[in-house]
Amino acid sequence: MDDASVARFYDQFAADYHLIFADWDASMARQGEALDAMVRARLGTGTASVLDCSCGIGTQALALARRGHRVTGSDLSAVAVGRAAREAALRGLQLPTLAADMRHLPFADAVFDVVVCADNALPHLLTEEDVRAALAEMRRVLREGGLLILSTRPYDEILRSRPVSTPPQLARTPGGRAVTFQLWDWHEDGERYDLELFQLLPDGDDWRVQVLRTTYWALTRQRLTGFVTEAGFTAPEWAAPEASGFFQPVLTARKS
């Protein structure tokens, strides 16, 4: 992974990231409900100490904090975590944040009940070495019996067709509609792809166009499950969106 390019992608995207959702607050509420149900089903009904190690502008972290959990947010992008902290303050929520690489988490051993790495963040890591390093760190900071929650795009289905674009997503802003879509350029290995994210933002009677670029590794469920078990997690289990209520496939596993 080119740390600087990924951090730059999210630094530049932080101000407008919420516009990939038709209604960011409504999406947060749905995601929070789904993630909270996963946590409570596996760890009990009490509140949990949660690390969101790819928190971005706070979509999952804010949602879990609103559900009463004690959440810390970290992310490679200092600009994104800065916005997450401001969004928490606006909502009266406690959300300590810091900029950190998920492969080198600046936390003591065994301090969290849950580690969340959602919304296709792990596939920014483009080598086996990097994925293993990140998962080892996630396991290290979890308490015994702690819960790992990962979500990615549905790459098993995606790899069958290797799409080259995504449908446009619309969001309303005070100035009018915003449009977001992506173009994908697959590498020769058939697994990794370069992504160009286009945002058309209203600018008076015209549009302002923003183009951001990054790279992902399309990790299948079997491949990611293998990495998770190799890292020492047990009881890996996948849940599809229709079962979990979360918008992406989710892998849960335990430290034991």
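A few remarks follow.
- Some residue of the stretch 64-80 being in a loop (DSSP other than H, G, I, E, B) and surrounded by fewer than 20 Cβ atoms within 10 Å (Cβ to Cβ): yes
- Test: residue in the stretch 128-151 that is within 25 Å of residue 74 (Cα to Cα), surrounded by fewer than 21 Cβ atoms within 10 Å (Cβ to Cβ), among the hydroxyl-bearing types (Ser, Thr, Tyr) and within 21 Å of the chain's Cα centre (by Cα): no
- From 227, 246, residue being part of a loop (DSSP other than H, G, I, E, B) and hydrophobic (A, V, I, L, M, F, W, C): 246
- Where strands (runs of 3 or more DSSP E) fall wholly inside the stretch 123-214, the ranges with 3 or more residues that are more than 30 Å from residue 106 (Cα to Cα) and out of contact with any helix residue (DSSP H, G or I) (no Cβ under 8 Å at 6 or more places or on another chain) are 176-186, 192-203.
- Qualifying residue in the stretch 172-193 (condition: hydroxyl-bearing (Ser, Thr, Tyr), surrounded by 17 or more Cβ atoms within 10 Å (Cβ to Cβ) and over 19 Å from residue 24 (Cα atoms)): yes
- Among the conditions (1) assigned by TED's automatic domain parsing to the domain that holds residue 178; (2) at pLDDT 95 or above, the only one that residue 232 does not satisfy is (1).
The values are calculated or read from the model by the stated rules, or taken from the named source; none is laboratory data. Just so it is clear, the model here is predicted, and its values are computed rather than measured. Using ideal geometry, Cβ is built from the backbone for each residue, glycine included, and neighbour counts are taken over all protein chains shown.
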